[in-house]
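This report concerns only the one structure given below.
The values are calculated or read from the model by the stated rules, or taken from the named source; none is laboratory data. Worth saying up front: this structure is predicted, and the values here are computed from it rather than measured. Backbone-built Cβ (ideal geometry, glycine too); neighbour counts: all protein chains shown. Areas reflect the complete protein model, heavy atoms only, side chains present, ligands, DNA and RNA absent. Shrake-Rupley method; radii C 1.70, N 1.55, O 1.52, S 1.80 Å.
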There are 4 protein chains.
Amino acid sequence: MEKETVRIENFSDAVFAIAITLLVLDLHAPETSTIKNGTELLSFLKGEWTSYLAFTLSFFSIFIMWVNHHKIFKQIYSRNTAIMFANGLILFLVTAVSYPTALLARFFEGEASNIAVAIYTGIFVLINLSYNLLWYTASSNKKLLRPEITNSAIKKIRNNYLYGLPTYLIAFGISFQYPTAALVISMALLIFWAVSSGKIKMIQE
Amino acid sequence: MEKETVRIENFSDAVFAIAITLLVLDLHAPETSTIKNGTELLSFLKGEWTSYLAFTLSFFSIFIMWVNHHKIFKQIYSRNTAIMFANGLILFLVTAVSYPTALLARFFEGEASNIAVAIYTGIFVLINLSYNLLWYTASSNKKLLRPEITNSAIKKIRNNYLYGLPTYLIAFGISFQYPTAALVISMALLIFWAVSSGKIKMIQE
Amino acid sequence: MEKETVRIENFSDAVFAIAITLLVLDLHAPETSTIKNGTELLSFLKGEWTSYLAFTLSFFSIFIMWVNHHKIFKQIYSRNTAIMFANGLILFLVTAVSYPTALLARFFEGEASNIAVAIYTGIFVLINLSYNLLWYTASSNKKLLRPEITNSAIKKIRNNYLYGLPTYLIAFGISFQYPTAALVISMALLIFWAVSSGKIKMIQE
Amino acid sequence: MEKETVRIENFSDAVFAIAITLLVLDLHAPETSTIKNGTELLSFLKGEWTSYLAFTLSFFSIFIMWVNHHKIFKQIYSRNTAIMFANGLILFLVTAVSYPTALLARFFEGEASNIAVAIYTGIFVLINLSYNLLWYTASSNKKLLRPEITNSAIKKIRNNYLYGLPTYLIAFGISFQYPTAALVISMALLIFWAVSSGKIKMIQE
């Protein structure tokens, strides 16, 4: 059985690659006229730490999403309209990540911190939902999947994304009161996904 | 018969992927100094709804154009100069979409709404025409097409793009008087293309 | 004999695709506050015609360069350091095209027109030279080329790029006195390349 | 043994291609209102020489990094989580290069020159370390590598990256006192890598 999804995967990879690289456009160099010497440049750059944090966090979040996207599509062999649009929704949200990233970079310090973090964690809730939707759509018809895939593997992938949801929701929920804690949870989730992505691989193959 | 169009398709896919991802650059985060707290940030973001609308509409429009581009090129096996430049015209217009999108985002509210919407719907008229041109160019010489393709399939693809034209023209025509209605028609067309793209697939294969 | 240049071609294609798509970022939408109604928006957009001209000219110039790049690499089977860096030089210049494009867009009207056009036509002189360098580098050792290629085909490709040079130089030379004429020559060259690219194909294959 | 790393390489290539092309966005055309005639435009452009220097240096640095990335991955046949994230780190740093490039462009002239150059040379120290990490990770388990690779080739690649480190560190160290000299060393390293990349090829294959 031939894999029909190659061009979708290539297109998706390109969108992930562009979205991850465009993040750097939100690191702003100061205007020449505002900086007199090296000390002032260093102190400007130190003041930009929220930009670096947001850039780093979003870069590795999109990177891990790409790894996971890759893993899901290794199991999908045929496409239909529902898969096309569930995937389109993922790409839409991944592309949009740079906007909450810019908000986080600018407002993590200061009074608007809770709203900025809530929007930032909120988009990851939506992305998690869209991954769940993609796998639900694909696995609802086993004919669309890799012929050798076992029911247990299908379930394990489903649970992998389903179990992420409550944690993302918790991070989102507490952003309004404890934005820093919410961001720490997001980072912890990132590390968890990075480490667990190795294990999932073994399960699937 | 070997398919000669692989590198054209890859190049086109890359242009579609970049054009769709660059749209996000027109979502602007507010300056730090203008926002005092979370309430002000939320109210700023609410005021940006036309940007989100324009971003979403253009993202899925380009996404569906890509799906259609993919479908047309599945039927084209050889290339000639005319196909190269009909395709170049499509890529030119797809790349340009971000400009009318920015105009729509900024001027959908307010007095200039009709002109902004007319330009926005206008570019989709041009894109529809360029798709018609591509298929006309390719199908005018059956030797350029997939050997197994039937005359009925060729005609169905042609009609598919031809029938879109009057609707795009209507949306364009009424923009000057009823910009909101014109945009609603554009959205309805989007949903129609998304749904019908599943059916066309069955016809072609 | 296996073609070794696939990854170079893919990388080059990606750079061409990104460079061609980034051009649109120099089409600027007006600030909301400066436009009161549709008439003002239209009159602003009319005033931007040099931007559209520069965008269109550069888009199709890069597109034709990509077509030509594609054709040259169809004949190159092996790579060496010299080819890598001749190609790197082409990519460098293609990437840079957006800068003279922005200058042309902003200064084609007005007193600085001659300098803006001279820089714009100047970069195409450099690009032509880099294509000549690439083909010179590749064809200086016939072992690097497609095994079936004839000496006459090698010579025809060489002449194709060599004969472009004087025309580009003329366009560059007269820019200082007659910027509009220089730009018209550039456009004529563009159309010539587009049309002749069909003929070259037949020669090569 | 099938090569498992194709999609990682394609994704990495795309990130390299985008990062290298986005550099041009930091070449700024002057505002129309600030330039009265061709002489003023030329004098503005001459004043921008640090931007052109930074753009050129970073373009060819990323280009050579891409060539090296290509060479390393030709030897890697299997992937594991460690390789994925060592590669992710490289992509993160390559993406980030445009930020120190912008700082260099703006501050190489003037009092903040030493800090700007230190940050610029500093990121290349980090990139060198991440390449060392990638090769260390991949070569620590010979099963991950191309089956035919010899121990001597593994060692040669390792040394190639290891020997670069002290030079990058020297460039970084002297930036604080002699920023111009540090930049000259960086350029010399660039030329060394370009030339040596030809030799490494012969060793490996």
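Quick one: in segment A:80-91, which of the residues that are open to solvent by 10 Å² or more (accessible area, probe 1.4 Å) and touching a helix residue (DSSP H, G or I) at 6+ places or on another chain (Cβ under 6 Å) is nearest to the other protein chains (Cβ to nearest Cβ)? Explain how you work it out, then say what you get.
First pass over segment A:80-91, keeping only residues open to solvent by 10 Å² or more (accessible area, probe 1.4 Å): A:80-82, A:84-85, A:89.
Now restrict to residues that are touching a helix residue (DSSP H, G or I) at 6+ places or on another chain (Cβ under 6 Å): A:81-82, A:89.
On the way: A:Thr81: 4, A:Ala82: 8, A:Leu89: 9 Å.
Among those residues, the one meeting the criterion is A:Thr81.
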>> What pairs come out if I take residues in segment C:101-114 that are within 7 Å of chain D (Cβ to nearest Cβ) and pair them with residues that are crowded, with 24+ Cβ neighbours inside 10 Å and of a type in the set (Phe, Trp, Tyr) whose C-beta lies under 8 Å away, six or more apart or interchain?
In response: C:Leu103/C:Tyr120
> If you go through segment B:13-36 one residue at a time, do you hit one that is among the β-branched types (Val, Ile, Thr), more than 9 Å from every other protein chain (Cβ to nearest Cβ) and under 25 Å from A:Phe85 (Cα atoms)?
Replying inline: no
> C:Leu57 is checked against (1) in contact with a Leu (Cβ under 9 Å, 6 or more places away or on another chain); (2) more than 9 Å from chain D (Cβ to nearest Cβ); (3) over 28 Å from C:Ser196 (Cβ atoms) and fails just one. What number does that condition carry?
Replying inline: (3)
> Restricting attention to segment A:187-201, does a residue exist that is within 30 Å of B:Tyr52 (Cβ to Cβ) and open to solvent by 70 Å² or more (accessible area, probe 1.4 Å)?
Replying inline: no
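Rundown of residues vs (1) open to solvent by 70 Å² or more (accessible area, probe 1.4 Å); (2) of a type in the set (Ser, Thr, Tyr); (3) modelled with pLDDT under 95, yes/no style:
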{"residue": "C:Tyr120", "(1), (2), (3)": "no, yes, no"}
{"residue": "C:Arg158", "(1), (2), (3)": "yes, no, yes"}
{"residue": "C:Leu162", "(1), (2), (3)": "yes, no, yes"}
{"residue": "C:Tyr168", "(1), (2), (3)": "no, yes, yes"}
>> Conditions first: (1) free of Cβ contacts under 8 Å to residues at least 12 places away in the same chain; (2) over 13 Å from the mean Cα position of the chain (by Cα). A:Ile76 passes all but one, so which condition is the exception?
In response: (1)
> Counting just the residues of segment B:97-118 that are open to solvent by 10 Å² or more (accessible area, probe 1.4 Å) and outside any helix (DSSP H, G or I), which one comes out nearest to B:Tyr161 (Cα to Cα)?
Replying inline: B:Phe108
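Does C:Val94 qualify as being modelled with pLDDT of 95 or more, hydrophobic (A, V, I, L, M, F, W, C), open to solvent by less than 10 Å² (accessible area, probe 1.4 Å) and in contact with a Leu (Cβ under 9 Å, 6 or more places away or on another chain)? I'd like the intermediate steps shown before the answer.
Working: modelled with pLDDT of 95 or more: yes; hydrophobic (A, V, I, L, M, F, W, C): yes; open to solvent by less than 10 Å² (accessible area, probe 1.4 Å): yes; in contact with a Leu (Cβ under 9 Å, 6 or more places away or on another chain): no.
Here the answer is no, as C:Val94 does not meet what is asked.
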> For segment B:1-51, how many residues are open to solvent by 60 Å² or more (accessible area, probe 1.4 Å) and under 17 Å from C:Asp13 (Cβ atoms)?
Replying inline: 3
> All but one of (1) more than 13 Å from the chain's Cα centre (by Cα); (2) under 29 Å from B:Thr137 (Cα atoms) hold for B:Ser61; which doesn't?
Replying inline: (1)
